[in-house]
1. Given a cut-off of under 8 Å on Cα pairs at least six residues apart, what relative contact order in percent is computed for chain B?
2. Taking the Cα of A:ASP99, stepping 7 Å toward and past its beta carbon, and measuring to each backbone N in the stretch A:49-72: which are under 13 Å?
3. Using a 7 Å offset from the Cα along the Cα-to-Cβ direction at both B:ILE463 and A:SER211, what is the distance between the two label points in nm, to one decimal?
4. Kirkwood Rh and Cα-based Rg: tell me the resulting Rg over Rh for the stretch B:153-221, rounded to two decimals.
5. Rank the residues B:HIS301, B:HIS575, B:HIS313 as a footprinting-exposure proxy: fewest other Cβ atoms within 10 Å of their Cβ go first.
6. Once R0 is set to 41 Å, what does the formula 1/(1 + (r/R0)^6) return for the Cβ-Cβ distance between B:TRP573 and A:GLN221, expressed as a FRET efficiency to the nearest 0.05?
7. Expected output is a single nm value to one decimal: the length gained when fully extending between B:TYR499 and B:TYR328, i.e. 0.36 nm times separation in residues minus the C-alpha distance. What is it?
8. Given labels modelled 7 Å from the Cα in the Cβ direction, how far is it in nm from A:ASP264 to B:LEU558?
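Values in this text are rule-based calculations from the coordinates and carry no lab data. What you see is a predicted model, and the numbers here were worked out from it, not measured in a lab. Positions of Cβ are backbone-derived with ideal geometry, glycine not excepted, and every protein chain shown enters the neighbour counts.
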Amino acid sequence: MAARRLLSWYLTVFTLLCLFCYRITVATDEIEVCTSRFWFNYRHVANTLSVYRSVKRLGIPDSHIVLMLADDMACNHRNPKPATVFSHKNMELNVYGDDVEVDYRGYEVTVENFLRVLTGRLPPSTPRSKRLLSDDRSNILIYMTAWWNFYNVILRLLFGQRKLKQLIGENLSSKPIASWNITISVEKRYNELLFIIDTCQGASMYERFYSPNVMALASSQIGEDSLSHQPDLAIGVHLMDRYTFYLLEFLEDIHPASQANMNDLFKVCPKSLCVSTPGHRIDLFQRNPRSVLITDFFGSVRKVEITTETVKLIPNITEKNEKLTEEVMLTEPQKYVQQMPVAEIIHQSIQMCWTQHSNANGHYQKWSQPFKIKYD
Amino acid sequence: MGLLSDPNRRRALTSLVTRLNTPLCVLCYLVGVSWFMGLAFEPFMLRTYMSENAMGSTMVEEKFVFGERAISYTREFAGQKKKTGGMPVDWLVKTMKSRGLEVYTQSFSQTLPFPDEVKERYMVRGTNVYGILRAPRGPRTESIVLSAPCSEGNNNNQAVGLLLAIASYFRSQIYWAKDIIFLVNEHDLIGTEAWLEAYHDVNMTGLRSSPMQGRAGAIQAALSLELSSDVITSMDVALEGLNGQLPNLDLVNLFYAFCQKTGVLCTIQGKLQRNDWDTLPGYTHSLSTMLLMVLKQGSGHPQGDHGLFLRYHIEAVTMRGINSFRQYKFDMTTVGKLIEGMFRKLNNLLERFHQSYFFYLMPSLTRFVSIGYYMPAFGFLALILVLRALDLWVQLSDPARALEDGVSEGEQDSSPSLLSLATPVIICHLTGLALYFLPVLSQEMAIQHFPVSETEAVVLTAIAIYVAGLALPHNTHRVLSGAGTERGWRSLKLFSLLYLAVLLGCTTLINFSLGFILAVTMIPVAAFIQPHRSSKVLHGVALILVSPATTLLLSIYLYHELIEYPVSLLECWQHFLTAVSQGILDHHLYGSLLYPLLALFIYPCWLQFWNIVFWK
């Protein structure tokens, strides 16, 4: 009785604590997109998966990650090592792992789906794993890689440019542009947004942003090509792009308590290593990049603050608990009815076996001793 | 007013055309021929490059090391072939099954229209054996073919041995996305044709074959292998297929890329590449390579087993191993690595080859001339015909002009009746029909009356009909009225020129080489012949020199000069007779279109010009 009352009281407090803690911590959501299909675009999938892996290692759970991969490299018929995607040659690092969760796969990776995920306008039947469950206190990290035609399309829709030229492979010219121009900042779906893109002429993606609190990083300037890193001679494809390769190396050094800030991130992959010039944009961001921790976007730090104060929310809860405990006391103690005499059945069957085999061989007798099963 | 509707301007234009006609024609001819010769000059050519994105830049490290196994299979195969006296079907089936392939056989039979003296066969009966390696994780919708012919004597044993060794190596790999078919065909081209027809469920050539038991989906590419020695010094690639069709240039680029990677010496038309393009010997080398390709493509004969795959839109090449007197030799392992590399790249294909060129000429393995660059050469030649036809049209529409040149008859020329114009045309075409049908149909009769074999009967009948056609014009004239006039021959010539232009234009679109060879020889003479009494003999001789048969004879002579194996006149004549019989056989066996084209269209057109020479 007393124990039960104490337990319920602890439960209440713990729930409240959790709620309280969630209020403090800023949740991080993550969208990773790779839009390239076909075996020779192995490296784009490897890029996306390596960022996914780093981000999971730093604490963001799958429920907060939307991973979009346009083709299946791990189970492609041409993969000499099925169920793996490697990011380093000589097969050092398998970024596919055991617990990858791809939310949008294959032909589900489309411009429309990406926009719907960002704006939250998904049909009600969409499962929670395919939604971006962010609120106005979440930091969002968007990482994109592949060929730049795809992105040219989306970002002009979302973050800028009112006039839209005919798109490659997507026909959106008939729709009024204004209906797409509601940026997600208006709907208050994010607190801060970090946007990383690894593609040719990446800087053209972020130059038209005008929403507040957006920081952007790209692997190359306009007119430059973003290059791939190293081929693997056993698999026969290039494994990674340069920018993401060095980004992955940088992230491997970050741990959840790291104090590295955004300025370190801007220095990843200088021109001598990357051949292209990475660029970044911070003018729309309110805070100073030096004060922004990497783990604000790449990791999810759950702090638990223990407090010794009690907080009473609704006074009636404790009275209801007392009533319930009294009702429980009045009834008789219940117990299960003996369903089946299992022990006896086993005993009998072993006896039968023993009589059959005792004539064949002497050494069977040891095996056929009856088991004693205790049901206490 | 407009250029053509203003009478003054029109008169000025027409007078320009008639006055400058001959110089313009000569100029066009010279430009056309020099354009063609200039195609072999290196600065005018493009370097070959890989167009297909799926076969990207990275190469895999090849791991084939079973050259010794290939040689042991070769010895076994040679022994079994000698024992059975033909294709060792049971041994092949057993070996392929033990290597883990799904093995099927296909038997076929074909009766040739007359015995083939080159290959010594008449009623052909054979069996193809093919094993399918199923892709471990892939759907069975696409496949690649590796084929090796089973030839007589000691030829191509190593090809079959290497095929078996590669099959056993490929079987242990898991990265195949397409099924691989290993085909060993008997009676080379006939066997390949039988297999392809049964695989695609068509019957174009009257072959009888057993039904196809096993299939592997749509074939994306095919490689045919011919190896007759344990070690090789170079690999030659044969491109030309049936009716002059060529494989996609990407496949040739793939072959060259892997030859570079494995270090094997590669040749095209049996010639190595040279770097000294700015010297005369260097230029003549690439010109001779290009001319060899033109001659082979023009003949319409498939230069390897791959030639028959092309008709089904399957890109294919034949790789021949050559063992010459060079010092550095490559063993079977290297050739196996070459094939393994090519197959891994073909494995990455997502669609059939379609990015690169289908119409091209190759003066060397690293340079090519695309259709956009070589067509103007023919365009200038066709322009001559158009200019001449315009000139004749002007002459016909203005009778006073016509009487200025040539002999004036002094009588009123009425426009020739349609009958007098149509009669020579119809008779010429009837001769053509006779040339097409009679040789094969009348061989029985010919054997009874003359002491010749069937092949000789067919060939000699063809030549006899050809020559008999020359005697015709002396008879058709006298019969009809309204013939023998100035307007008569002009109309006939106008019609013939336009007919020739259309024929050659259509031929060039499909088989540039054939069209160009015929154009270069026939067009100048066709443009300039006239029925003058004084120069009848000269014109007649000129016309005979450019007749299709003489062109064939001269082409054979040129071919032998280019491969540095010159022949005397008698040997050339023997080759000519063989070429005629092979042409007829190709047409009946594989559906080659050279013989029908020459017999039914080019020869009648030429006869019409012959008619014009003897108009009076």
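1. Relative CO of chain B lands at 18 percent.
2. Residues A:53-64 fall inside that zone.
3. Taking the simple label geometry, B:ILE463 and A:SER211 are separated by 8.7 nm.
4. Using only Cα positions, Rg/Rh for the stretch B:153-221 is 1.01.
5. Numbers: B:HIS301 22, B:HIS575 18, B:HIS313 14.
So the ranking, lowest neighbour count to highest, is B:HIS313, B:HIS575, B:HIS301.
6. It comes out at approximately 0.05.
7. 56.1 nm is the gain from fully extending B:TYR499 to B:TYR328.
8. The two pseudo-label positions are separated by 7.5 nm.
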